[in-house]
Amino acid sequence: MSSRRQGREQALQALYAIVVGHRDPADALVEIVGDRADSEHRAFVRDLVLGTLDHGPKADAAIAPRLEGWTLERLPTIDRLLLEMGVYELHTHPETPAAVVINEAVELAKKFSTEESNRYINGVLNGVAKETSRA
């Protein structure tokens with residue numbers, strides 16, 4: 001697993017612990033990433049977690065119109081977090097190709113969510129990427 005892929009997975013786990021487990025973000029990051037990871041990896045995970053939390057309302061505004069027949073509230077928590085993290089990365093990390101951001105979110109959905117999740121996560125994030133001229 002690449003360092004970035006592992007970082008995204010750890011960010012998702014930390015976000016889940018924060019949102020569902022009501023953990024303090026700093027505590028969740030230390031627990032999940034630990035202190036053995038190099039500083040660049042820790043910084044990447046921290047940026048994804050804190051950025052996703054801060055960027056949540058903007059991400060939700062980009063996601064909601066693309067949820068055909070769904071609402072944000074009805075989405076599985078993992079899917080909503082993956083979408084918010086993907087939108088955050090698409091909006092704030094132009095150095096990362098949109099295809100990479102989308103593929104990573106899809107792969108995490110395959111690993112942690114339902115059988116159908118990867119398809120609509122792909123569709124929603126592709127729509128966001130096209131709107132932001134990142135596709």
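Points to keep in mind about this one:
- For the chain, adding -39500 (n - 2.57) for each run of n ≥ 4 DSSP H residues and dividing by the number of residues yields -24000 deg cm²/dmol at 222 nm.
- 18 Å Cα-Cα reach of Lys111 towards aspartates and glutamates, excluding residues that sit fewer than 8 places from it in its own chain: Glu9, Asp79, Glu84
- Per-residue Karplus couplings for the range 120-133, computed as 6.51 cos²θ - 1.76 cosθ + 1.60 with θ equal to phi - 60°, are listed in order as 6, 5, 4, x, 5, 5, 4, x, 5, 4, 5, 5, 8, 6 Hz, Gly and Pro entered as x.
- Listed values (i) 1.14; (ii) 0.94; (iii) 1.10, entry calculated as Rg/Rh (Cα atoms, Kirkwood Rh): (ii)
Each value in this text was obtained by applying a stated rule to the coordinates, not by laboratory testing. Please read these numbers as outputs of a predicted model, since none were measured by experiment.
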